[in-house]
1. Using θ = phi - 60° and the Karplus relation 6.51 cos²θ - 1.76 cosθ + 1.60, list the HN-Hα couplings for the stretch 95-112 in order, rounded to whole Hz, with x at every Gly or Pro.
2. Quick one: check the C-alpha center-to-center distance for the stretch 41-63 versus the stretch 7-29, whole angstrom.
3. Relative to the present Cα-Cα distance, how much length would full extension add between Asn24 and Asp105 at 0.36 nm per residue of separation?
4. Kirkwood hydrodynamic radius for the chain: how many Å is it when counted over pairs of different Cα atoms?
5. Which residue, Ala81, Ala60, Ala130, has the most motion in a Gaussian network model of the chain that connects Cα atoms within less than 10 Å?
6. So what is the calculated 222 nm ellipticity per residue for the chain, using -39500 (n - 2.57) for each DSSP H run with n of 4 or more, over all residues, to the nearest 500 deg cm²/dmol?
7. Give me the log10 of I(q) over I(0) for the stretch 16-62 at q = 0.24, 0.25, 0.32 Å⁻¹, as the Debye formula computes it from C-alpha points; what are the numbers?
8. List the lysines whose Cα lies under 16 Å from the Cα of Lys109, skipping any in the same chain that are fewer than 8 positions away.
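Please treat every number below as a calculation from the coordinates, not as lab data. Computed from a predicted structure; not experimentally measured.
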Amino acid sequence: MSDLSIELHWQRSETALQAGNYSNVHTVQYNAGHEVQVDAAPDWGGDPGNTNPEQALAAALSSCHMMTFLALSAKAGWPVASYHDRAVAQLGKNARGQMSVTRIDLHPKVRFDTGFDIEADKLEQMQERAHRYCFIANTLADSVEINVL
């Protein structure tokens, strides 16, 4: 199987690491070239101009879902012309009373080539299949392993 990695870097800018008095701003580098500035969610004191882990999780799910949908559509011969999604991650307490991303809502809009029509229930079934086969969706429904180095 593939090992897919990122590089994360955080550097303290304050004189000491004290509760409630340090910055969470860090960078995440993808593929040795693309860097993203990351911070805590705004509700937790982060800069709204930076992305946050909860948005990144929603983006990963949305992206995986779209790629799965496109693969299934291509196999079915559906001429998808464009795909747009607005993914929303909601923070709250889980069943154990811990803060977590309790829900991610996807709002995909699919457009097809002119002249191609698909019934709404068939489109919904294809979206459900995409969700079922999406690697990230399957990960979120399963356990996550943390390997501390």
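1. 4, 8, x, 9, 5, 7, 7, 8, 6, 10, 9, 9, 10, x, 10, 10, 10, 10
2. 16
3. 26.6 nm
4. After inverting the mean inverse Cα-Cα distance, the result is 18.1 Å.
5. Ala81
6. Working: 3 runs with 44 residues, N = 149.
Here the helix-only value at 222 nm equals -9500 deg cm²/dmol.
7. Debye output, listed in q order: -0.91, -0.95, -1.16.
8. Lys122
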